[in-house]
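Asks: One structure, as structure tokens, below. Some questions next.
A short reminder: the numbers here are calculations on the coordinates, not readings from a lab. These numbers come from a predicted model, not from an experiment. In this analysis, Cβ positions are derived from the backbone assuming ideal geometry, glycine residues included, and neighbour counts consider all displayed protein chains.
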Amino acid sequence: MIASAAALAIVVVSCSGKLGQAKVLNIAETPVQTVDDMFAVQTKDGVVLMRMEAKLMERYDNDSITYESFPKGFAIYGYTDEGLLETVIISDDARHVTGKKKHRGEPKKEIWEAFGNVVVHNVVKQETMETDTLYWNQATNEIYTDCYVKMYSPDGFMQGYGMHSDDHARNAILHKPFNGYAIVEKDSTKVVIDSVNFIGPLLKN
């Protein structure tokens with residue numbers, strides 16, 4: 001459902017019949033568009049590259065920036081060039097900020113911001129990161145944060161402050177790691193199955 005902000009003021013009449021004070025809406029703080037149960041897909045040559053889901057999207061517009069707010073959280077699913085699910089990012093709150101061009105030929109600034117219980121899961125590598133705030137720069141295809149980060153992987157556990165990686169979380173690096181541990185001995189015969197992208201019957205023992 002899409003609704004635009006058209007009302008500038010609301011006049012309220014009290015029970016005594018006297019005209020109440022008009023409540024003026026601040027247009028800068030009023031969404032110009034609202035979308036419930038948002039679902040968006042980005043494709044290339046028929047192959048899905050990204051999918052996004054959100055219970056609520058509110059778009060705001062002012063002189064300097066346009067941004068979409070996702071106050072009920074969102075989930076982003078990133079796919080490989082072959083169309084396999086590779087990365088999942090979820091958070092309690094998020095914004096998509098687009099800077100307006102001041103000069104012709106100037107590149108458009110576009111940043112995604114995720115807040116609150118942010119989880120980044122790489123399905124292929126079986127790695128998971130948890131943090132409070134995460135930024136995604138679409139121009140540089142990078143995700144990063146300066147906040148506390150926990151990283152879980154089949155090789156062990158790491159934690160620290162600050163992280164940057166490509167936007168598929170393939171090469172995440174902690175800036176200030178501390179008190180991590182690694183799994184030294186690994187079972188070389190263990191087989192890890194990508195249950196999300198697996199197609200076909202499991203082999204019988």
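Asks: Restricting to Cα pairs below 8 Å that are 6+ residues apart, what does the relative contact order work out to for the stretch 27-182? Please round to a whole percent.
Replies: 13
Asks: Let me ask something additional. Under a Cβ-only charge scheme (Lys and Arg +1, Asp and Glu -1), can you give me the dipole magnitude of the stretch 27-182 about the Cα centre, in debye to the nearest 20?
Replies: Magnitude of the dipole: close to 360 debye.
Asks: While we're on this one: Given the stretch 27-182, what count of lysine pairs have C-alpha atoms under 16 Å apart, with each pair 8 or more places apart or on different chains? Don't jump to the answer; show the numbers that get you there.
Replies: On the way: LYS55/LYS72; LYS100/LYS108; LYS100/LYS109; LYS101/LYS109; LYS125/LYS150; LYS150/LYS176.
Value for the stretch 27-182: 6.
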